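Enquirer: Sharing a structure, written as structure tokens. Questions coming.
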Amino acid sequence: MESSRIRYLRQEEKQGTRQLYEKAFPEDSREFVDYYYSHKTKDNEIIVMEGAEWEGSFHVMIHLNPYNLSIHGHRRQVPYVVAVATDGAYRRQGKMRLVMAQLLQDLADGGVPFTFLLPADPAYYRGQGFVFFPCQPYLGAGGICFAGEFEQGMVRAASLEMPRVGSWRCASTEDAARMAVFSNQVLECRCEVFIRREEQYFCRLLAELAAEHGGALLSEDRQGLTGLIFYSINRSQGTVTVEVKEMLLKEDVTKEEAGQICSAALKETGCMTYDRISFTSSRMMVRLTSLISLVPLLRSGRPIQYRVEVRDPVIAANEGCFQIDVGCRDSSIRRIHRADVREHMDIMELTERLFENTSVYLHEWV
């Protein structure tokens, strides 16, 4: 390990990780990887472990894609951890653990409250201090997102009445500003933590969906937008699946109604023939990186107080004895004497407690 070093890549070096990306994620199409390296690497960070200078190879990489989050009304830029990969020749040597530890410490030093990811192996990330957000309302009503599949023949009206959402049409970059306003309004009403969407967010998303042979649909009535659907097309073993990546509606709907609405929208906009509609969800994990930075952002409908001794084997600044007060209007944290401690928690348990009643919507892929 003496010949290896951990560092962040310069902008002109990022393309050099593409070979490792393609080896680690062969399921991603060439079109998607082209999109990723032309769009997402413009403003992300990539931390790597590389071999000796003469070797010229990356053993490990982690990408940090920045997103602007609303956390109980506070706006913070928080990195989304993606493209976590180790070259096959260097696996099971503890290298990824070292890179992840460096990354988490760097985020803590920068005052970043937390980071999040979509885990391929939840057990591995729990070993790094990640836990699932306790409250992710993807599977219930609310017009946000539903998991499951609907065969084409099964997606038909369960009753004579179907929720009215206005007429549907294909969206373009000219609609990006309106889509941003609409989606933020929907999410502000339903979630305490979510990614704020700006015009550029949707311009980039449309390029991502095009790389996956999909697109975006919007509905509107005389009052304005009433719904958004973002989808990709997947062809596998002779079956064509419309994968609905996100669905945002002004009105609450049931899972069955969501299937009806998507089927009608695809038909109305002339989408190609498909065999089934698949609704997907992103159950994210979170790693608290700066306790001191996070607590003032939190809110609770009822006052909560912890007098807790915290253990964090990776980030020393999170360890110690604290009094944490979370209220409906403000929250605070301060260090206390060990004699005043009432309970003991590791960083994972404390993270789950702090986010216990916080509705979180982080529905991203890259």
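Enquirer: Here are ARG311, ARG335, ARG353, ARG342: which of them is free of Cβ contacts under 8 Å to residues at least 24 places away in the same chain and surrounded by fewer than 19 Cβ atoms within 10 Å (Cβ to Cβ)?
Expert: Working: ARG311 fails: free of Cβ contacts under 8 Å to residues at least 24 places away in the same chain; ARG353 fails: free of Cβ contacts under 8 Å to residues at least 24 places away in the same chain; ARG342 fails: free of Cβ contacts under 8 Å to residues at least 24 places away in the same chain.
Exactly one of ARG311, ARG335, ARG353, ARG342 is free of Cβ contacts under 8 Å to residues at least 24 places away in the same chain and surrounded by fewer than 19 Cβ atoms within 10 Å (Cβ to Cβ), namely ARG335.
Enquirer: For the stretch 207-239, how many residues meet the condition of being more than 23 Å from the chain's Cα centre (by Cα) and surrounded by 15 or more Cβ atoms within 10 Å (Cβ to Cβ)?
Expert: Quick first cut of the stretch 207-239, residues more than 23 Å from the chain's Cα centre (by Cα) only: 219-226, 235-239.
This time we only want the ones that are surrounded by 15 or more Cβ atoms within 10 Å (Cβ to Cβ), so: 219-220, 225-226.
Counting residues in the stretch 207-239 that are more than 23 Å from the chain's Cα centre (by Cα) and surrounded by 15 or more Cβ atoms within 10 Å (Cβ to Cβ) gives 4.
Enquirer: Determine whether the stretch 18-29 contains at least one residue that is at pLDDT below 95 and either β-branched (Val, Ile, Thr) or crowded, with 19+ Cβ neighbours inside 10 Å (or both).
Expert: Looking through the stretch 18-29, none of the residues is at pLDDT below 95 and either β-branched (Val, Ile, Thr) or crowded, with 19+ Cβ neighbours inside 10 Å (or both).
Enquirer: Okay, next question. Any residue that is crowded, with 17+ Cβ neighbours inside 10 Å, at pLDDT below 95 and not assigned by TED's automatic domain parsing to the domain that holds ALA264 - is there at least one of those in the stretch 125-139? Lay out the reasoning, then the answer.
Expert: Filtering the stretch 125-139 down to residues crowded, with 17+ Cβ neighbours inside 10 Å leaves 125, 128-133, 136, 138.
Restricting the remaining residues to those that are at pLDDT below 95 gives 136, 138.
Then keep just the ones that are not assigned by TED's automatic domain parsing to the domain that holds ALA264; that gives 136, 138.
Yes: the stretch 125-139 contains one or more residues that are crowded, with 17+ Cβ neighbours inside 10 Å, at pLDDT below 95 and not assigned by TED's automatic domain parsing to the domain that holds ALA264.
Enquirer: Which residues, taken from the stretch 56-84, are assigned to a strand (DSSP E or B), more than 13 Å from LEU20 (Cβ to Cβ) and small (Gly, Ala, Ser)?
Expert: SER70
Enquirer: Considering only the stretch 83-99, state which residues are more than 24 Å from the chain's Cα centre (by Cα) and among the polar types (S, T, N, Q).
Expert: Correct list: GLN93 only.
Enquirer: Please enumerate the residues belonging to the stretch 119-139 that are of a type in the set (A, V, I, L, M, F, W, C), out of contact with any Asp or Glu (no Cβ under 6 Å at 6 or more places or on another chain) and under 15 Å from LEU354 (Cβ atoms).
Expert: We begin by selecting, within the stretch 119-139, every residue of a type in the set (A, V, I, L, M, F, W, C); these are 120, 123, 130-133, 135, 139.
Filter once more, keeping what is out of contact with any Asp or Glu (no Cβ under 6 Å at 6 or more places or on another chain): 120, 123, 130, 132-133, 135, 139.
Within the stretch 119-139, PHE130, PHE132, PHE133, CYS135 meet the criteria.
Enquirer: Please verify whether ILE195 is modelled with pLDDT of 95 or more, β-branched (Val, Ile, Thr), under 25 Å from SER278 (Cβ atoms) and within 18 Å of the chain's Cα centre (by Cα), treating the condition exactly as stated.
Expert: Working: modelled with pLDDT of 95 or more: yes; β-branched (Val, Ile, Thr): yes; under 25 Å from SER278 (Cβ atoms): yes; within 18 Å of the chain's Cα centre (by Cα): yes.
Yes, satisfied.
Enquirer: If you don't mind, another one. Filter the stretch 318-332 down to residues that are surrounded by 16 or more Cβ atoms within 10 Å (Cβ to Cβ) and in contact with a Pro (Cβ under 9 Å, 6 or more places away or on another chain), then give me how many there are.
Expert: 4
Enquirer: So which strands (runs of 3 or more DSSP E) stay within the stretch 275-352 end to end and still have 2 or more residues that are farther than 30 Å from SER263 by Cβ? Before you say what the answer is, go through the steps one by one.
Expert: Working: elements: 276-279, 285-288, 304-311, 320-326, 331-335, 343-346.
Correct list: 285-288, 304-311, 320-326, 331-335, 343-346.
Enquirer: For residues that are crowded, with 21+ Cβ neighbours inside 10 Å and in contact with a Phe, Trp or Tyr (Cβ under 7 Å, 6 or more places away or on another chain), scanning just the stretch 70-80, find the one that is farthest from LEU205 (Cα to Cα).
Expert: Narrowing the stretch 70-80 to residues crowded, with 21+ Cβ neighbours inside 10 Å: 78-80.
Remaining after also requiring in contact with a Phe, Trp or Tyr (Cβ under 7 Å, 6 or more places away or on another chain): 78, 80.
On the way: VAL78: 18, TYR80: 15 Å.
My answer is VAL78.
Enquirer: Name the pairs whose Cβ atoms lie under 8 Å apart, with the first residue in the stretch 88-113 and closer than 25 Å to ILE71 by Cα, the second assigned to a helix (DSSP H, G or I) and hydrophobic (A, V, I, L, M, F, W, C), and 6 or more positions between them or separate chains?
Expert: What qualifies is ALA108/ALA317; GLY111/ILE292; PRO113/LEU294; PRO113/LEU297.
Enquirer: Which members of the stretch 271-282 meet the condition of being touching a helix residue (DSSP H, G or I) at 6+ places or on another chain (Cβ under 9 Å) and under 23 Å from PHE133 (Cβ atoms)?
Expert: Correct list: PHE279 only.
Enquirer: Now a separate question. If I filter the stretch 276-301 down to residues being of a type outside the set (Phe, Trp, Tyr) and modelled with pLDDT under 95, which single residue comes out as surrounded by the fewest Cβ atoms within 10 Å (Cβ to Cβ)?
Expert: Our first condition is that a residue be of a type outside the set (Phe, Trp, Tyr); within the stretch 276-301, this holds for 276-278, 280-301.
Still in the list and also modelled with pLDDT under 95: 276-278, 280-283, 301.
Values: ARG276: 17, ILE277: 22, SER278: 17, THR280: 18, SER281: 17, SER282: 18, ARG283: 15, GLY301: 8.
Ranking the qualifying residues of the stretch 276-301, first place goes to GLY301.
The values are calculated or read from the model by the stated rules, or taken from the named source; none is laboratory data. Please read these numbers as outputs of a predicted model, since none were measured by experiment. Here Cβ is always computed from backbone atoms with ideal geometry, including for glycine, and neighbour counts include all displayed protein chains.
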